[in-house]
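These notes concern the structure reproduced below.
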Amino acid sequence: GDLNIGTGRGCYLKQKFLTKCLLYYFKNKRKEMCECDLLYNLPINDHANTVSYFRHKYNFVNHAIVSVLFLHFLKNICQFQIYVISLAEPRLPLQLDDAIRPEVDGEEEGRATVNQDTRLDNRVIDLRTCTSQAVFRLQSGICQLFRETLIQKGFVEIQTPKIISAASEGGANVFTVSYFKSNAYLAQSPQLYKQMCICADFDKVFCIGPVFRAEDSNTHRHLTEFVGLDIEMAFNYHYHEVVDEIADTMVQIFKGLQERFQTEIQTVSKQFPCEPFKFLEPTLRLEFPEALAMLREAGVEMGDEDDLSTPSEKLLGRLVKEKYDTDFYILDKYPLAVRPFYTMPDPKNPKTSNSYDMFMRGEEILSGAQRVHDPQLLTERAMHHGIDLEKIKAYIDSFRFGAPPHAGGGIGLERVTMLYLGLSNVRQTSMFPRDPKRLTP
């Protein structure tokens, strides 16, 4: 009647993505015998009260009889057997118990927690934790909701090349790769190809794919490779048609996550407590001068044409939350001087642009704008920015055969996941992150 798994050996029982229990068997030793997580959710039907009794009566510590009763219960009442499918090495580089322990609990109780580098160096094991499973299942849900919402809105999903002949953004932050007898580049954005599809009368397009940025930024929110959720759309009268469409897409994602992924949200919050994400419908939209006034009132010194620094973005997020009770908002009408050459100037104010960013919990998750669709104006703007016209010739030429007014933007999937769940580092929401110091696993 014994379950012979060896002195001090253990095994996991899992249901869905949660680790339901961890069984330890120590023969003739008074040690901790069985440690359980969400044991009451095991599919044991009418016998749930028995397990609950064991759980609360004995607390599964220092009582050998509990382990014997529990294993007997599994074998004879639940009527299933446990087999070893694949034997793990006896010594693991990290323990799942430690990997799911909130840092605050670890500090207060003097128990071990697992640091970020150890997690990433042993990512396959770290991804087995209920927290990691919940994070990436929710992230999958973001992609699914993004795709569902846009298809319902009449968008067409496209696939764009990631090996290109010139830098997407016309800048220096690009990875160069050997391409037979010449060089090529990894795409910083699918923007050129999105815009070409608009010129080809697709009207509304989106794509989901990798984006590469050769930026030596070792921050909590930057990666050298991330997943981009990109949108481009032609409009009839005003670029706010596009802004409203993107904002509504984000709102539908937030609502879908609340409806479909409460289990995952609650699972993550147990290890990383966070206030629930708040948003308004329709989405709050502020113009840059309004944000500037709020920051100046809070003591920040900024010029009219200065861009927002990261600390200013976070402060603005707190101010917006206090005033409007929302974690998601749009900042519109950025100064033209701080936006890329392809951004359309505001026809009513030459110092302002038809550009916008979207923020979650005080951090940017989307940067977008109305694009310059006139090749002559595009050439002038590129020259103003000191860009070599030969390097962007193919980009400018794509508008010489007629192009409707259009706008769009790019969203970072990992950053959206991080901020929605209130996590502190984008590497927690990148399955196998790439940054200036990490290329493995």
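The values are calculated or read from the model by the stated rules, or taken from the named source; none is laboratory data. Note that the structure is a prediction, hence the values are computed from the model and not measured. FYI the Cβ positions are ideal-geometry reconstructions off the backbone, even for glycines, and counts take in every protein chain you see. These accessible areas exclude ligands, DNA and RNA; they are computed on the full protein's heavy atoms, side chains included. Shrake-Rupley method; radii C 1.70, N 1.55, O 1.52, S 1.80 Å.
Structure summary
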| quantity | calculated |
| --- | --- |
| Residue identified as more than 27 Å from Lys270 (Cβ to Cβ), under 32 Å from the mean Cα position of the chain (by Cα) and of a type in the set (A, V, I, L, M, F, W, C) among Ile396, Ile392 | Ile392 |
| Hits in the range 417-441 (condition: β-branched (Val, Ile, Thr), in a loop (DSSP other than H, G, I, E, B) and open to solvent by less than 10 Å² (accessible area, probe 1.4 Å)) | none |
| Residues (part of a loop (DSSP other than H, G, I, E, B) and among the polar types (S, T, N, Q)) located in the range 347-392 | Asn354 |
| Subset tally (residues that are under 18 Å from Glu232 (Cβ atoms) and either surrounded by 13 or more Cβ atoms within 10 Å (Cβ to Cβ) or in contact with a strand residue (DSSP E or B) (Cβ under 6 Å, 6 or more places away or on another chain) (or both)) for the range 395-416 | 15 |
| Test: residue in the range 374-392 that is open to solvent by less than 50 Å² (accessible area, probe 1.4 Å) and under 25 Å from Glu313 (Cβ atoms) | no |
| Residue ranges of strands (runs of 3 or more DSSP E) in the range 175-245 with at least 2 members at pLDDT 95 or above and among the aliphatic types (A, V, I, L, M) | 204-212, 225-234 |
| Residue identified as open to solvent by 30 Å² or more (accessible area, probe 1.4 Å), hydrophobic (A, V, I, L, M, F, W, C) and in contact (Cβ under 8 Å) with a residue 40 or more places away in the chain among Val205, Val227, Val211, Val177 | Val227 |
| Any hit, the range 282-294, residues being at pLDDT 95 or above and more than 28 Å from Pro345 (Cα to Cα) | no |
| Matching residues in the range 182-202 - criterion: being charged (D, E, K, R) and touching a residue at least 60 places away in the same chain (Cβ under 8 Å) | Lys194 |
| Residues that are free of Cβ contacts under 8 Å to residues at least 24 places away in the same chain, open to solvent by less than 30 Å² (accessible area, probe 1.4 Å) and in a loop (DSSP other than H, G, I, E, B), drawn from the range 267-317 | Met302, Gly303, Leu308 |
| Set Arg91, Arg111: member being modelled with pLDDT under 90, over 28 Å from Thr440 (Cβ atoms), in a loop (DSSP other than H, G, I, E, B) and open to solvent by 70 Å² or more (accessible area, probe 1.4 Å) | Arg111 |
| Tyr342 of a type in the set (Ser, Thr, Tyr) and either in contact with a Cys (Cβ under 9 Å, 6 or more places away or on another chain) or at pLDDT below 95 (or both) | yes |
| Enumeration of residues in the range 333-344 that are under 8 Å from Ser355 (Cβ atoms) and part of a strand (DSSP E or B) | Thr343 |
| Members of the range 265-296 that are over 20 Å from Glu322 (Cβ atoms) and touching a helix residue (DSSP H, G or I) at 6+ places or on another chain (Cβ under 6 Å) | Thr267, Val268, Gln271 |
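Residue-by-condition table, conditions (1) modelled with pLDDT under 90; (2) surrounded by 13 or more Cβ atoms within 10 Å (Cβ to Cβ); (3) touching a strand residue (DSSP E or B) at 6+ places or on another chain (Cβ under 8 Å):
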position: Tyr83; (1), (2), (3): yes, no, no
position: Leu87; (1), (2), (3): yes, no, no
position: Asp105; (1), (2), (3): yes, no, no
position: Asn115; (1), (2), (3): no, no, no
position: Val124; (1), (2), (3): no, no, no
position: Thr131; (1), (2), (3): no, yes, no
